[in-house]
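The values are calculated or read from the model by the stated rules, or taken from the named source; none is laboratory data. What you see is a predicted model; the values in this text were computed from it and never measured. Neighbour counts run over all protein chains shown; Cβ positions are idealised from the backbone, glycine included. Ligands, DNA and RNA are excluded from the accessible area calculation, which covers all protein heavy atoms including side chains. Shrake-Rupley method; radii C 1.70, N 1.55, O 1.52, S 1.80 Å.
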Amino acid sequence: MTKRNSDMQPSEFLNAGKEVIEWATRYLTNIENYRVLPSIKPGEIEKLIPNKPPEFGEDFETILSDIDRIVIPGITHWQHPKFMAYFASTASGPGILADIISSTLNSNGMVWKSSPALTEVECKVLDWYRSILEFPDSFKGIIYDTASISSFHGIAAAREYKFPESRNKGMSSLSHPRLYCSEQAHSSIEKAAIALGIGMEGVRKIKVDSEFKMIPEELEKAIEEDIRNGYSPFCVVGTIGTTSTTSVDPIDEISELCRKYDLWLHVDAAYAGVTSMLPEMKKYFKGIEYADSIVTNPHKWLFVPIDLSVFYTKRPDILKRAFSLVPEYLKTDADSEVENLMDYGIQLGRRFRSLKLWFVIRYFGVEGLKEILRKHIRLAQSFADWIKKSSEFELLAPVPFSTVCFRAVPKGMDAQNLNEFNKVLLEHINSTGKLFLTHTVLNNKFTIRLVVSGIRQEERHILGAREIIQEEFEILKRTIQ
Ligand SMILES: Cc1ncc(COP(=O)(O)O)c(C=O)c1O
């Protein structure tokens with residue numbers, strides 16, 4: 001224990017920094033030795049941490065050693081190549097290192113003057129990223145932490161567009177607002193509606209077809225019906241890559257309706273948006289040029305450490321109108337000639353997040369990134385082919401990207417027992433510690449999802465996943481026979 005009242009000396013910082021990088025290198029090198037999912041009970045980690053903070057400073061070595069002793073046993077290893085759950089997101093080396101620099105600079109890009117490079121790098125990197133995705137030049141980008149917050153800002157801009165008085169008058173000025181999204185849209189859309197005074201009843205969920213895509217005719221019927229009944233339609237959220245199945249709503253047809261009824265079109269492409277850089281995937285982005293706003297998450301499938309979500313809008317003026325509010329202490333002499341990023345959202349303080357996207361794009365290059373995405377899509381398709389060929393598993397949704405929805409269908413099992421069987425199968429798979437998958441429910445069927453989107457995933461990991469699934473399936477089958 002040491003009494004300290006000043007920061008680390010440079011030599012101590014350097015030595016501790018080397019230890020941290022050595023620790024990180026060891027962690028990533030040995031990542032496959034860990035159980036993907038920890039086997040601990042709630043509260044076990046908390047118990048390892050003393051109830052009281054230290055009165056005096058501890059050695060950095062002791063602090064760092066507690067990462068292995070206290071934290072690692074409770075970590076779900078997102079960096080593990082057999083993490084194939086949710087939308088598996090991984091951090092690459094250049095992204096991790098950029099994060100260290102960002103923390104070292106500790107810049108706060110509230111306004112241009114509070115850190116000019118932060119604002120200008122962010123704007124330029126988002127121009128790069130937009131050109132990589134081949135989105136129209138008219139889109140202006142801004143970084144938020146997550147897709148949930150990006151969509152919140154898209155819907156806030158939509159609200160500002162249709163109910164401009166809401167900024168001053170608040171909820172009383174919202175006369176029965178109506179937002180539309182498909183039944184498969186992410187819960188963040190409803191959360192945004194809750195936060196923006198639209199309310200959950202202000203969200204109308206549109207039916208999907210057999211491939212889980214929004215049905216435009218149903219959307220139009222709903223809009224017409226709402227107008228007749230005194231509602232005020234203001235926004236449609238289309239999804240490219242829904243969370244459960246990665247289905248793609250027909251953005252081109254939806255955009256026609258948005259133009260017809262003068263509605264804001266927000267596109268949630270949190271996971272699949274990155275694939276817009278692949279010419280063969282352009283078919284899923286038809287009509288994207290008509291979107292008023294769109295979100296894609298480099299932290300999901302572009303190897304940028306969490307968190308970094310990119311939001312583009314064609315109508316930054318409306319977003320700015322919704323949020324710009326400049327107190328005296330933030331006025332600067334440069335305001336008339338610069339962007340102040342605080343004008344485009346709720347948050348004032350702004351971390352130097354663009355650095356990690358900049359590093360990742362420069363380190364891999366656009367061709368390198370395309371190659372990795374293509375590999376993931378190829379590996380997922382090979383897994384889907386394996387499922388299709390099997391007589392005891394079935395695919396439950398099309399596989400446009402790198403997410404496979406499937407379930408086991410053991411011969412002779414009654415339909416009503418399949419859900420329970422698959423639920424237990426998933427528990428067994430995950431309890432091996434060798435693979436982590438998650439689930440959804442599609443048409444009342446318990447569905448297992450396998451996602452290939454990690455920077456360290458190779459063919460052997462997919463083959464390994466197949467083996468584990470098959471093995472646990474056989475064991476479970478035997479137990480019920
Ligand atoms: C389609 C879609 N939108 C939004 C989100 C929310 O993402 P975030 O965690 O970045 O808020 C998810 C999460 O998986 C998603 O799949």
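For this structure, a couple of remarks:
- Using C-alpha pairs under 8 Å with a sequence gap of at least 6, the mean separation divided by the residue count of the chain gives a relative contact order of 21 percent.
- Across all directions, the average flat footprint of the convex hull enclosing the Cα atoms of the range 24-166 is 14.4 nm².
- Each label was represented as a point 7 Å from its Cα along the Cα-to-Cβ direction; for Thr29 and Arg456 these points are 1.3 nm apart.
- Taking the range 13-38 and a reference point 7 angstrom along Cα→Cβ of Asp66, the backbone N atoms nearer than 17 Å belong to 20.
- Placing unit charges on the Cβ atoms only, positive for Lys and Arg and negative for Asp and Glu, gives the range 108-351 a dipole magnitude near 340 debye about its Cα centre.
- Glu55 paired with Glu120, simple spin-label distance in nm, labels 7 Å along Cα-to-beta-carbon: 5.1
- Between Gly454, Asn108, Thr119, the Cα set farthest toward the positive side of the dipole of the chain (charges on each charged residue's Cβ, about the Cα centre) is that of Gly454.
- Estimated dipole of the chain in Debye, rounded to 20 [Cβ of Lys and Arg +1, of Asp and Glu -1, Cα centre]: 500
- Accessible area expressed per residue, the range 10-77, with surrounding protein chains retained (probe 1.4 Å, Å²): 74
- Computed packing ranks the peptides 158-164, 262-268, 54-60, 291-297 as 291-297, 262-268, 158-164, 54-60, most packed first, by mean other Cβ atoms within 10 Å.
- Rounded FRET efficiency, nearest 0.05, which uses the C-beta distance separating Asn108 from Asn15 and R0 of 30 Å: 0.60
- Under the Debye formula (equal points on every Cα, no solvent term), log10 I(q)/I(0) of the chain at q = 0.06, 0.12 Å⁻¹: -0.31, -1.18
- Fully extended contour minus Cα-Cα distance, from Lys260 to Asp127, at 0.36 nm per residue: 44.9 nm
- Carbon-plus-sulfur accessible fraction, the chain (probe radius 1.4 Å, protein heavy atoms only): 52%.
- Computed from the Kirkwood radius of its Cα pairs, the Stokes-Einstein diffusion coefficient for the range 334-459 at 4 °C and 1.567 mPa s stands at 72 µm²/s.
- The mean accessible area for residues of the range 361-480, using a 1.4 Å probe and ignoring ligands and nucleic acids, is 46 Å² per residue.
- Per-selection Rg to Rh, the range 149-191 - Cα, Kirkwood hydrodynamic radius: 0.99
- Under the span-like rule (Cα at least 20 Å along the axis, Kyte-Doolittle mean at least -1.0), DSSP H helices of the chain: 10-29, 116-133, 147-162, 354-389, 415-431, 459-480
- Residue among Thr275, Tyr231, Ile294 farthest towards the positive dipole end of the range 231-355, charges placed on Cβ: Thr275
- Enclosing the Cα atoms of the range 111-167 in their convex hull gives a volume equal to 117 cubic angstrom per residue.
- Most positive-pole-ward Cα, Val399, Gln481, Phe421, against dipole of the chain from beta carbon charges: Gln481
- Dividing the summed -39500 (n - 2.57) terms of all DSSP H runs of n ≥ 4 by the residue count of the chain sets its mean residue ellipticity at 222 nm at -13500 deg cm²/dmol.
- Take every pair of alpha-carbon atoms less than 8 Å apart whose residues are at least six positions apart; their mean separation over the length of the range 361-480 yields a relative contact order of 24 percent.
- Think of each Lys and Arg Cβ as +1 and each Asp and Glu Cβ as -1; about the Cα centre, that makes the dipole of the range 221-330 roughly 160 debye.
- With the convex hull drawn over the C-alpha atoms of the range 10-77, the volume per residue is 84 Å³.
- Segment Glu471-Lys162, extension gain: residue separation times 0.36 nm, minus the distance between their alpha carbons: 105.7 nm
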